[in-house]
Amino acid sequence: MPRVYVIVEGPTEESFISGPLAEVLGPLHTYVIPIILGVPGHKGGRTSYARVGKDVLRQLKQHRGSYCTTMIDYYGLGRGFPGTPAPADFTNAQKVAHIERAVKADICRKIPDFRPDVRFIPYLSLHEYESLLFSDPKAFAESIGQPRLAAQFQEVRDAFQTPEDINDDPRTAPSKRVFEVYAAYRKVIDGTLAANRIGIQRMRQECNHFRQWLELLEALPEP
C-alpha cells in the first residue's frame, strides 16, 4: 500500500486529507497521512519555502518507502518559493504549475539519492482550500445549515470560469468571499462538513488542477 505524507498548512487541510481524501484513496490502497507544516510547538502559519522545503526534505529522508506531497495555498504563498514570481502573462493554472515544477526541481537537486523525482509530488491549491467548496454552492450552503445562502454562493461561483479561478486578492480570495456571505463560517468545522457534503468527485469535476493532483495520487504504485 503506497503511503503518502501530505504537508498541509493547518487543521482545515489536515481534516480534509484525513477525511474526504482518505475515503477516496483508501479503496485504492493508498494511505494518506497529513503533516501540519512545522515542528511541535510551531505548527502551521507562515508558508515560507524555508519551512515547506525543510518539511518535504525531512519526510523524504525519514520515510524512504513512501511518497510526499503538499497541499499549500497559492493565495498568500510565503517567501522564497522557487519559480516566484511567476510570469505575469501566465494564466493562474500556468503560474501554479510553473512554481510546482520549480519546487520539484529544487528538491531533486538537493537530495537526488532519495528519488524525489518519483516520490515527491508538489501541489499548490488554486487559490486556496475554500475554492473547492464553491464546486457545489447549494451543497456548501446546506452543509453549514444555511440553505438560504445558496444563491449568494452561486453568484460568487458564476462570476468565474471555475472555482479555482476565484482570485487571490486579499479582499476577494475564496475564504474572504465565504466570510462576506457568512461571517460565522468556521474554517475547520464548516470546511470539513462542506467537503464531506460536496464530495471529492464533484470537486474533481469542477477543479481541473485539483483533479490532476488527485489522478496522480490515485495512480501511485509502490515506491
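Based on DSSP H segments of at least four residues, each scored -39500 (n - 2.57), the chain has a per-residue ellipticity at 222 nm of -13000 deg cm²/dmol. Basic side chains Lys and Arg get +1 at the Cβ, acidic Asp and Glu get -1 at the Cβ, and with that the dipole of region 28-152 about its Cα centre reaches some 580 debye. Computed from backbone phi with θ = phi - 60° and the Karplus coefficients 6.51, -1.76 and 1.60, the 3J(HN,Hα) list for region 150-167 is 4, 5, 6, 5, 5, 4, 4, 4, 5, 7, 10, 5, 9, x, 6, 8, 4, 6 Hz; x is used for glycine and proline.
Sorting the segments 113-119, 191-197 by their mean number of nearby beta carbons within 10 angstrom, highest to lowest, gives 191-197, 113-119.
Filter 138/176; 54/104; 138/187; 61/110; 61/95 down to the pairs with a C-alpha to C-alpha distance above 22 Å, please. Correct reply: 61/95.
In a reduced charge model with +1 at each Lys and Arg Cβ and -1 at each Asp and Glu Cβ, the chain shows a dipole moment near 760 debye about its Cα centre. For region 129-186, the square roots of the Cα gyration tensor eigenvalues, ordered a ≥ b ≥ c, give a/c of at least 1.5 with a/b no greater than b/c, which places it in the oblate category. D by Stokes-Einstein for region 38-135, Kirkwood Rh over Cα pairs, 10 °C, 1.306 mPa s: 112 µm²/s. Mind checking the log10 I(q)/I(0) for the chain at q = 0.08, 0.15, 0.17 Å⁻¹? Debye, one equal scatterer per Cα, no solvent, two decimals. Taken in order of the listed q values, log10 I(q)/I(0) reads -0.27, -0.98, -1.25. For region 4-148, calculate the relative contact order in percent as a whole number, restricting contacts to Cα pairs under 8 Å that are 6 or more residues apart. So the answer I get is 24 percent.
Every read-out reported here was derived from the displayed coordinates using simple, explicitly stated rules and does not represent laboratory data. Given the structure is predicted, the values throughout are model-derived calculations rather than measurements. Using ideal geometry, Cβ is built from the backbone for each residue, glycine included, and neighbour counts are taken over all protein chains shown.
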